Structure formats: structure tokens, C-alpha cells
1. Go through the stretch 152-167 residue by residue and turn each phi into a ³J(HN,Hα) via Karplus (6.51, -1.76, 1.60, θ = phi - 60°); whole Hz please, and just put x for glycine and proline.
2. Percent relative contact order of the stretch 364-471, based on C-alpha pairs within less than 8 angstrom and at least six residues apart?
3. What is the order of Val14, Val385, fewest Cβ neighbours within 10 Å to most?
4. Between rounded, prolate and oblate, where does the stretch 364-471 land on the alpha carbon gyration tensor, with a ≥ b ≥ c its root eigenvalues, rounded for a/c under 1.5, else prolate if a/b exceeds b/c?
5. What is the pair-distance distribution P(r) of the stretch 92-362, computed from all Cα-Cα distances in 10 Å bins starting at 0, with each bin given as a whole percent?
6. Within a 10 angstrom radius of the beta carbon, how do Lys173, Lys252 rank from fewest other beta carbons to most?
7. Suppose a student asked you for the relative contact order of the stretch 92-362, using Cα pairs under 8 Å spaced at least 6 residues apart; what percent would you report?
8. If packing is taken as the average count of other Cβ atoms within 10 Å, what order do 457-470, 110-123 fall into, highest mean first?
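Just so it is clear, none of the values below were taken in a lab; they were calculated from the coordinates. Since the model is a prediction, treat every value here as computed from it, not as a measurement. Neighbour counts run over all protein chains shown; Cβ positions are idealised from the backbone, glycine included.
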Amino acid sequence: VALEDFRRMGYQMVDSICDYYSSLPHQRVRPDVQPGFLRGQIPPCPPEQPESFDEIIRDVHDKLMPGVTHWQSPSFFAYFPSNASFPAALADMWSSALSMIGFSWAASPVSTELEMAMMDWLAELCGLPASFRCNGGSGPGGGVIQGTASEAAVVALLAARARALRGKSPGDKLKLVAYASDQAHSCFRKACMVVGIDHVRSLPTREEDNWELRPEVLQTAIFADLCAGLIPCFVMATIGTTSSCAVDPVGKLADVATCNDCWLHVDAAYAGSAALLPEQRVIHFQGLDHVDSYSFNPHKWLLTTFDCCALWVADSGPLKEALSLTPVFLRATGNALDYKDWQIPLGRRFRSLKLYFVLRMYGSEKLRSYLRHHIALAQVFAAAVDSDPRFELAAPQRFGLVCFRLRDVPCKVNEALLEEINASGRLFLIHTELGGRFTLRLAVGSATTQLEHVEAAWKEIRIAASGVLQRFGL
Ligand code: PLP
């Protein structure tokens, strides 16, 4: 493909993306297709000869787009958001164009240096402890961009294991124990599977504690394991659980973890963006100065197109102990910091560039009002739910998430309500289970969501509820 062809196709591509964004409010949020819909539309093997760009673009529109779930739709209220933005997309174009693999400082100096700077910018913006700053790689702490919160959890667990095994015998590996609440994301269990931690404790939470992990529950579990001759080594707390945005008491859990020589990792995958807001910080982000590692995903709610998970450690020593390996062909001198020692793969993309674009093109003030706007919309929705006697809030409204359900009905009625809501295609929600009860979740956070979309969603939900209640004779 010649340079001038790329220029022409690039403009054409931007035009078609702009048309797509204009059409978004009118699209079904979720596609109306069945598994296997693409089979038969795509040839079984790749073409021997080049095909034209125009032909490919036509197929994208005709064959692929019908299978797209529109995560950027203003009426996408499912899961947690995955914000795209034009600044991040533009930066990603440059990143693709450069396609440099910045595993070490020497491999492409700007890759390492911009990442250190952006992680410090983000730490500053979120009011994170000074111990997390890269300080030009002089240590001991610092930040690194991982692909996802799941990768961050694996990396944190590897560091925890390395620290716990210092001075111990290899057989002690089998005695290590990891702890999190039963509300923690499944990435906790996955990390234990990957790292090979067999003793995994999913600690109980209660509705009356708003699904938070109580420190005394953690202490009791650790004590029982110590009595059994095991080695407690890792605790994962969550700020903003996936089900209900519960916030574990990080400071108190840190006290328990520290007393018992456990590494404390805090997963704030979605809610972490809210730390930009001082008013949220004082309520939900206390105690971080006593944790070993902390991560959140700017790709969820901070307009930094997937993938971008920010992970900080207070001391990178154990991380490097776990992951540092330098074959002869990668040896170089004078490095400030080699990010290959802070992650599992060797290769890494230039992801800090999109943070650089996002943080500069929006500015902190705009980012803060963006987050406040979503939280305010969630509050509007929660107030509407609260004012309809047929419904109840299933958990305190936090950040952009509202958990709700029809009151005093069997789970199958709420299940039918969700099916009815999603069948229209005009909005998309998912459910969770809280205390064994089917609960609907509405997560506000799409970049284009406005009051009108939340009001329209509530109207749809009320109408669907009337139909469902009638159908069940309630
Ligand atoms: N932790 C929490 C609290 C989440 O809500 C999620 C996903 O929504 C994850 C972890 C997993 O995120 P990732 O896809 O970045 O691994």
C-alpha cells in the first residue's frame, strides 16, 4: 500500500468513523444476531491476491457492523463503560504508525520516559501517595501501564509471592494463601490460578455492611491459616466492586495485611477514575498510603481507549525479583528503568501516548466535570427508582452505578424485566446477584450519555415493568 494511498484511505476512514458516531444514538445498542452469524459470510481462507480497500470497507459495513455491540452508544448502560475518545484514537494512530516495542529504555527511550511521566501525572491527578511516583526511575516505587486489571492482579500477586518467599524454602510455595472478598472480581481467582496459589480464600460479605470486606473477617481467616501452618501472602481489596460498587475499607485492611506480612493490592478498575474528584477521594480512596499496589483502568471511565490499566507499586523490588530476566541480546547500560521487568510479556505498545493526548487535550478540569456529570446522572436515576414504590435500590448508589430491582417479587420477575428491557434494543443493561437476589445494574459512563438518555431509559424500564408485572399477575 503506497503512502499516497494511505493518505487517501486515512481521510476516508476518518469520514466513515465520524458518520458512525453521528449514527450511534439511532442504532440498536446490542446487535440482533445469533451465534455463528458471520460463518458463511467470510471466505474460509485468506485471499491469494490483494483486495481493494473499498471492497473491505464495504464488507465492514455490510457484514461486520451488524454484529457490533455499540459500547459508545449513549444508551449503553451495561457492564462498566469502556470509553473511547478522539484524542486517544488519534494518539493510537501514531502509536500504530511508530509500532515500536518499548520493552527497555534502550529499545526506544521515549516509550519508557513518557510512561514514567504519564504515570506520575495520573498519580498527581488522583492524589495518590508520593511513594507511587516514578521520580525518573530512581525508585523504589513507580507506575506502569498494563493491558488490563486482570494482568495487574497477576503481576501484583507475583510480586507478593516473591516477597513472601524471601529466605524460605522452595516447598513453602505450596503453603501460600491469598484473600479477597466474595465480591472481588473473578480476576482475583484467575490470578491465583495463573500464579499457582492453591489456598484461595473468598471471604464472606454482608448486605448490612454494604458488601464491604470487614477487617475482622480477614484477620480471623488469616489467623486460622497461620494456625494450620500456612503462609498468608496476598490480600486484594476492591474500590468499586463489579456487582455493586462496594468499597472495601482499605486503611483498616492495610493494618491487618501489614501486621501479617501480606501484600495488599487494591483493585479500583472502574471506580479509580473517580479519585480525580477530591470529594470522592475523601470518602472512597482513603488509606492508599499503606498499600503495596494499586490499579485502575483509564480505559473504563477516563476516555483512554482500550487498553490502558494503570498499576502503581510502592516498592518495585519484589516486582523485579519476580519478573526480571535479561538475556544477553537485551543487555544495555545506563537504563533508568526497564518496563519489561514490570510485566509478563517482553513487548509493549506505546500506550502512554494516548494518556498524553487525553490529559492534554481535555485538561484536568474538563475530566473532573465529565466524571461529575456521570455521577450526577446516576444520582438522578437512583432518585427516580427510589420514588417509584414498585422498585427498590439494591445497594447504595456509588459512582456511576445504580443497582435496583422490582420490590418483593420472585427473581424470575426481575429476570423477565431485564429481558424485556434489552429486547427493545434501545438500551442495554446487565444484571448481578446480590445476596442471592437477581438485581439489575445501570452503569452510566458512556462519553455521550446525557440526561435525556437516562430519562428515556427510566421511561422504558417503567413501561417494561408494568408489562411484566401484569404478565405475572402482580
Ligand atoms: N476488577 C473490577 C472491579 C472490574 O469491574 C473489572 C471489570 O469490569 C475487572 C477487575 C477486570 O478488568 P479487566 O478487563 O481490565 O481485566
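1. Those phi angles translate into 4, 5, 4, 5, 5, 5, 4, 5, 4, 5, 4, 5, 5, 8, 4, x Hz.
2. Details: 133 pairs, mean separation 27.7, N = 108.
Relative contact order comes out at 26 percent.
3. Going from sparsest to densest Cβ surroundings: Val14, Val385.
4. Numbers: a/c = 2.12, a/b = 1.69, b/c = 1.25.
Taking the square roots of the gyration eigenvalues as a ≥ b ≥ c, the stretch 364-471 is prolate.
5. Computed distribution, short to long bins: 7, 31, 36, 20, 6, 0.
6. Starting with the residue having the fewest Cβ neighbours, the order is Lys173, Lys252.
7. Averaging sequence separation for qualifying contacts and normalising by length gives 28 percent for the stretch 92-362.
8. Per-residue mean Cβ counts within 10 Å order the peptides as 110-123, 457-470.
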